[in-house]
1. Quick check on my filter: what residues within the stretch 158-197 are under 19 Å from Glu127 (Cβ atoms), at pLDDT below 95 and surrounded by 20 or more Cβ atoms within 10 Å (Cβ to Cβ)?
2. Can you pull out the residues in the stretch 63-76 that are within 15 Å of Leu156 (Cβ to Cβ), outside any loop (DSSP other than H, G, I, E, B) and not charged (D, E, K, R)?
3. For the stretch 40-61, enumerate the residues that are exposed (fewer than 15 other Cβ atoms within 10 Å of the Cβ), small (Gly, Ala, Ser) and modelled with pLDDT of 70 or more.
4. Looking at the stretch 24-33, is at least one residue surrounded by 15 or more Cβ atoms within 10 Å (Cβ to Cβ), modelled with pLDDT under 65, out of contact with any Ser or Thr (no Cβ under 6 Å at 6 or more places or on another chain) and not in a helix (DSSP H, G or I)?
5. Are any of the residues in the stretch 124-132 at pLDDT 85 or above and either part of a loop (DSSP other than H, G, I, E, B) or among the basic types (Lys, Arg) (or both)?
6. Every residue in the stretch 170-191 that is charged (D, E, K, R) and in a loop (DSSP other than H, G, I, E, B), please.
7. When the stretch 63-106 is examined, which residues are found to be farther than 18 Å from Arg141 by Cβ, aliphatic (A, V, I, L, M) and surrounded by fewer than 21 Cβ atoms within 10 Å (Cβ to Cβ)?
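The values are calculated or read from the model by the stated rules, or taken from the named source; none is laboratory data. As the structure is a prediction and not an experimental result, all values here were calculated from the model. Here the Cβ is made from the backbone with ideal geometry for all residues, glycine too, and neighbour counts use every protein chain on show.
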Amino acid sequence: MQTKANTRNHRAATLSYVNREYGLSFNFPRSYRLQTGNAAQSAPGLTEPAQMNFVHAGGVMLAAVEMPGNSYPGTDFKSGMVNVSVNPGMTSEACAQFALPEPGIGTEASSPVNVDDVKIGAIEFREVENSIAAMKQPAARYYHVFSSGACYEFVLGVGTDGDVNVEEITPVDREQVFGKLAKILATVKFQPAVLPEAQAP
């Protein structure tokens with residue numbers, strides 16, 4: 001027999017974001033902070049806000065999910081974010097490309113940009129990584145997927161406090177942070193977008 005205390009603690013560990021206009025939904029931990037629309041564009045946190053990585057203009061920022069700043073105490077962790085955008089005016093071919101990092105920037109010996117196909121959850125994404133050049137550390141990972149005539153972009157970003165040179169503070173394990181953020185990607189679902197109703201002839 002269940003006691004009242006047991007049922008009271010049965011709060012869902014995750015919340016859901018649903019955007020019917022663009023036919024998109026995903027889940028995220030209850031302790032994370034969600035911002036949508038214009039608020040998402042000015043979401044604080046990352047030392048360098050991750051810009052959209054579409055090859056064509058017209059991207060729309062839908063949402064930003066931010067990890068609590070105290071997620072990794074004793075490390076230089078500052079922020080972890082997932083930014084979600086959509087570009088409705090793109091082809092699937094253009095969606096498979098990324099604007100950044102630009103190939104051939106810098107010296108002739110600069111390494112080519114690696115774009116990978118990765119499956120997270122039930123969805124196949126195209127992935128590219130943007131690193132902090134001085135540290136060779138991944139700062140952001142961009143994921144594109146084409147669905148229902150639109151290109152969707154998910155940016156996983158990790159921000160650290162580079163100004164801190166205290167011996168007690170250890171560098172955060174970025175792969176661990178990216179792994180946690182990728183769990184949000186694993187819950188992404190697409191439904192047909194709700195288009196404006198056409199006038200009956």
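1. Answer for the stretch 158-197, where residues must be under 19 Å from Glu127 (Cβ atoms), at pLDDT below 95 and surrounded by 20 or more Cβ atoms within 10 Å (Cβ to Cβ): just Val158.
2. Ala63, Ala64, Val65
3. Ala57, Gly58
4. no
5. Yes, the stretch 124-132 has at least one match.
6. Across the stretch 170-191, the qualifying residue is only Asp173.
7. Scanning the stretch 63-106 gives Ala94, Ile105.
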